[in-house]
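What follows draws every value from the coordinates through simple rules; no lab data is involved. Note that the structure is a prediction, hence the values are computed from the model and not measured. FYI the Cβ positions are ideal-geometry reconstructions off the backbone, even for glycines, and counts take in every protein chain you see.
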Amino acid sequence: MRADPLVTVETLRAAVANGAASLIEVIDSADQMVCAAVLRVECRELGNEGVIVAAAGALPGGRLLPVVLPVLENSFRGVNSIRVHTARPGLVRALARHGYAPREVILSKMIGVH
């Protein structure tokens, strides 16, 4: 959520409550929740795109992304691509090792408090 300072947990909760997004929990082999993510699908003229809106988790003693990413990707049905927004350069590098590539760069400037 660092990527969008105008989105709060309440925004995500409302999107899940009204069906615009889904909340996914990733459970590891020890039956522990290691990640929670909010996902949505955007319908477009040339195909549907899955969006990992927000995700957070931890896997003590292990690498989280190789465990979580396949589960999140497999949660999408009928999509042609999957998009992830992040403001974390390390996550960009890690996702690149899993086949993700930058498609655009978005810059923003906060100009007032609302």
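Overview of values
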read-out: Residue within the range 68-78 that is in contact with a His (Cβ under 8 Å, 6 or more places away or on another chain) and over 17 Å from A20 (Cβ atoms) present; value: yes
read-out: Residues of the range 66-107 that turn out to be surrounded by fewer than 14 Cβ atoms within 10 Å (Cβ to Cβ) and touching a Leu at 6+ places or on another chain (Cβ under 9 Å), as a count; value: 4
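Listed here are the residues, each with its yes/no results for (1) touching a Gly at 6+ places or on another chain (Cβ under 6 Å); (2) free of Cβ contacts under 8 Å to residues at least 12 places away in the same chain; (3) of a type in the set (K, R).
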| site | (1), (2), (3) |
| --- | --- |
| A3 | no, no, no |
| V9 | no, yes, no |
| Q32 | no, yes, no |
| L39 | no, no, no |
| N80 | yes, no, no |
